[in-house]
Amino acid sequence: MKNMQPRNWLSIGLAALIGVISGCGSTPPASQASAPAAPAAAAAAPSQSPWPFASSGPRLAARDPALDRWKRAAAERIHEKNRDLLFEGRPHHLLQAVIVVEVAVDKSGNVTRSRVLRSPGIASLNNTALRTLKTASPLPAPPSALVAKGSLVYWETWLFNNDSRFQLRTLAMPQE
């Protein structure tokens, strides 16, 4: 074994790989191959897909137009109060950071709680996102139906370009 050339090791590795790959196309063991056929009624029933995003699976909740309108108004308020930190135009396809913030708002639009949910870990940009939210508070008062059970909790996404200026995803144009 000591005197084996590198080519021999490559040949052995290649042979092992071919053996593994060829095993992928083998037929099932006899115990599975001889299983009784499913009754016709069961065969006609729709099958349950193992894929989580199959069309027969659960559906996403319908979007709430009132929430969408309010989120847009809230985003406009954040932009309005932080104009000096915004970038113009479409977001670049390679952003410095995408930061998702969870925001709780009371019936008057006051931000009662906020926390960063997703971030690349750039503390200064996390702080900028939270600060711009605080600067814009109070946000527009949400419709009463959205705060019937207490405060409204929603998520907003800050898109930061390389110069550390941002746009909110709710108002941003599609990326380049």
Taking R0 as 25 Å and r as the Cβ-Cβ distance between L86 and R115, the FRET efficiency 1/(1 + (r/R0)^6), rounded to the nearest 0.05, comes to 0.65
Spacing of the two label points (7 Å from each Cα toward its C-beta) at I122 and D64, in nm
3.3
Whose amide H sits under 5 Å from the amide H of A97, counting only residues 5 or more places off or on another chain, with H placed in the peptide plane?
F160
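Throughout, read-outs are computed from the coordinates displayed, never taken from laboratory work. Everything numeric here is computed off the predicted structure, so don't read it as measured data. Please note: Cβ atoms are built from the backbone with ideal geometry, for glycine as well, and neighbour counts cover all protein chains shown.
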